[in-house]
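For reference, the structure is listed below as structure tokens.
The values are calculated or read from the model by the stated rules, or taken from the named source; none is laboratory data. Note that the structure is predicted; figures quoted are calculated from it, not measured. Neighbour counts are summed over all protein chains in view; Cβ atoms, including those assigned to glycine, are modelled from backbone coordinates with ideal geometry.
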Amino acid sequence: MYPLFETLCVQDGVIKNSSFHEARFKQAFYKFYGYVPNFNLLDAIEVPKPFNTGIVKLRIDYNQEQTAPKFTFYTPKIINTLKLVYDNHIDYDLKFTHRAPLTQLWQKRGNCDDVLICKNGLITDTYFANILFTKNAKWYTPKTFLLNGTCRQRLLQNKLVESMDISVHNLKKFEGFQLINAMLDFDPLKIIPIGQIKTN
């Protein structure tokens, strides 16, 4: 019924970075349905009073006619280890509600917290997020992402990170990494050691 969705962060009753989500919604809608939507993602959506304090996750499922918003209090997932997995055919260029191919890869994580997906020898994303790598106090993100996340777009636009091809073989050249998405904003002081990516 709702093939696509957006996830937004609400902080103390304020929806964050809404312009980036509206832009991605319009792009995804056009690519999926073939025409420009006649409504906005956040039309008629108000933050309910019980969710006006703290960090809240707003998920909006949508189709060509309507949206279905859902508010939940957010508890961040603790992700410190990644298992490198391989899939040369994985495709997730739109934020689909159907995530079975990604879930199948995530189930290969073993004792790790999440998976880092490699496609055709190049690093893409994790199951939950885009990824940043750091070296010499600079931050980089793979050009070969699966989903062009809104946080990723904002960081690139503000020139806080650079995009580059990152292969499995040059992972060890970096000092560490962090994950980013709508709910996990960039923190230049948060560095998970690169050795926490398990390659076997």
Query raised in the report: Of the numbered conditions (1) surrounded by fewer than 18 Cβ atoms within 10 Å (Cβ to Cβ); (2) in the same structural domain as residue 166 (by TED's automatic domain parsing); (3) over 26 Å from residue 16 (Cβ atoms), residue 112 satisfies every one except a single condition; which is it?
Result: (1)
Query raised in the report: Residues that are more than 13 Å from the chain's Cα centre (by Cα) and among the polar types (S, T, N, Q): which strands (runs of 3 or more DSSP E) entirely in segment 87-200 hold 1 or more of them?
Result: 130-135, 162-164
Report task. Among what's in segment 10-65 and is part of a helix (DSSP H, G or I) and among the hydrophobic types (A, V, I, L, M, F, W, C), pick the residue that is farthest from residue 153 (Cα to Cα). Result -> 51
Query - Pairs where the first residue, in segment 81-92, is within 12 Å of residue 127 (Cα to Cα) and the second is of a type in the set (Val, Ile, Thr) and part of a loop (DSSP other than H, G, I, E, B), C-beta under 6 Å, 6+ apart - result: 84/199
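Residues checked against (1) touching a strand residue (DSSP E or B) at 6+ places or on another chain (Cβ under 9 Å); (2) over 30 Å from residue 194 (Cα atoms); (3) among the acidic types (Asp, Glu):
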| position | (1), (2), (3) |
| --- | --- |
| 10 | yes, yes, no |
| 20 | no, no, no |
| 33 | no, yes, no |
| 77 | yes, no, no |
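Condition check ((1) surrounded by 12 or more Cβ atoms within 10 Å (Cβ to Cβ); (2) out of contact with any helix residue (DSSP H, G or I) (no Cβ under 9 Å at 6 or more places or on another chain); (3) in the same structural domain as residue 152 (by TED's automatic domain parsing); (4) more than 20 Å from residue 185 (Cα to Cα)) across all residues:
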position	(1), (2), (3), (4)
49	no, yes, no, yes
54	no, yes, no, no
57	yes, yes, no, no
69	yes, yes, no, yes
92	yes, no, yes, yes
95	yes, no, yes, no
105	yes, yes, yes, yes
119	yes, yes, yes, yes
Report task. Please find, within segment 142-169, the residue that is surrounded by the fewest Cβ atoms within 10 Å (Cβ to Cβ) out of those that are of a type in the set (Val, Ile, Thr) and under 23 Å from residue 108 (Cβ atoms). Result -> 168
